[in-house]
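Let me begin by presenting the structure, written as structure tokens, before commenting on it.
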Amino acid sequence: MSVTVGKKVRDFTLPMTGDQTFKLSDCRGKNVVLYFYPKDSTPGCTTEGQDFRDSYSKFKRQKTLIFGISRDSLKSHDNFKDKHEFPFELLSDTEEKACNQFDVTREKNMYGKKVMGIERSTFLIDEQGVLRQEWRKVRVKGHVDEVLEAVKDL
């Protein structure tokens, strides 16, 4: 069952950097940006993370939490987060629970081979846990500004 704009997002739990556990229901009372990205330390994913990092204080002023999600391990996430000084946590979805819930896994062509991977996607969830907006097939340039504008419109 996938998520639908205008409907409450089903609760889920994932391991998180900083030796913590993320639970969506723990975020009630704040807006939440979940951004799914293919792989730690790749050029597009690094740029996207840096863009969210650079706008973090603007999101915080809007009572909005940011979390990045990929299928990488927590160890990989911790290194990625530390290297780029991300002020937000990264969630490890090695079993693809959230990836399946948000329907972000797609067949991709990698060096001539078909592989399954995460399609860069972002989801904005409001204070009550309702999905307000989704962006799929995200292009990194200008994306964070677009998400911030949507947060301001809530």
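The values are calculated or read from the model by the stated rules, or taken from the named source; none is laboratory data. All values derive from a computational prediction rather than experimental measurement. Using ideal geometry, Cβ is built from the backbone for each residue, glycine included, and neighbour counts are taken over all protein chains shown. Accessible surface is based on the protein model in full, side chains and every heavy atom, while ligands, DNA and RNA are left aside. Shrake-Rupley method; radii C 1.70, N 1.55, O 1.52, S 1.80 Å.
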Using the Kirkwood radius over C-alpha pairs as Rh, can you work out the diffusion coefficient of segment 60-129 via Stokes-Einstein at 4 °C, viscosity 1.567 mPa s, in µm² per second?
93 µm²/s
What number comes out for the charge environment of His143, summing +1 per Lys or Arg and -1 per Asp or Glu over other residues with Cβ under 13 Å away?
-2
Over segment 13-101, what per residue volume does the convex hull of the Cα atoms give, in whole Å³?
85 Å³
Surface/4 estimate of mean projected area, convex hull on alpha-carbon atoms of the chain, nm²
8.5 nm²
Could you pull the Cα extents of segment 30-75 along its three principal axes, largest to smallest, in whole Å?
29, 17, 16
Can you pull out the trypsin sites (Lys or Arg not before Pro) in segment 110-154 whose DSSP state is coil and whose Cβ has at most 11 other Cβ atoms within 10 Å?
Lys137, Arg139, Lys141
Stretch Phe12-Thr105 to full length: gain in nm at 0.36 nm per residue minus the Cα-Cα span?
31.8 nm
For the pairs Lys58/Lys114; Lys23/Lys81; Lys75/Lys152; Lys97/Lys137; Lys7/Lys75; Lys83/Lys141, note any where the Cα-Cα span goes beyond 30 Å.
Lys58/Lys114; Lys75/Lys152; Lys7/Lys75
Can you give me the long-range amide H partners of Phe102? Hydrogens built in the peptide plane at 1.01 Å from N, cutoff under 5 Å, separation of 5 or more residues or another chain.
none
Gln50 paired with Glu149, simple spin-label distance in nm, labels 7 Å along Cα-to-beta-carbon:
2.3 nm
Across the chain, where is the longest run that never hits GluC sites (Glu not before Pro) in a DSSP loop with at most 12 other C-beta atoms within 10 Å?
1-84
Excluding residues fewer than 8 places away in the same chain, name every one of the aspartates and glutamates whose C-alpha is closer than 19 Å to that of Lys63.
Asp26, Asp51, Asp54, Glu89, Asp126, Glu127, Glu134, Asp145, Glu146, Glu149, Asp153
Would you calculate a helix-derived [θ] at 222 nm for the chain, using -39,500 (n - 2.57) for each DSSP H run of n ≥ 4 and dividing by the full residue count, to the nearest 500?
-8000 deg cm²/dmol
Counting only protein heavy atoms, what percent of the accessible surface of segment 1-135 is carbon or sulfur at a 1.4 Å probe?
46 percent
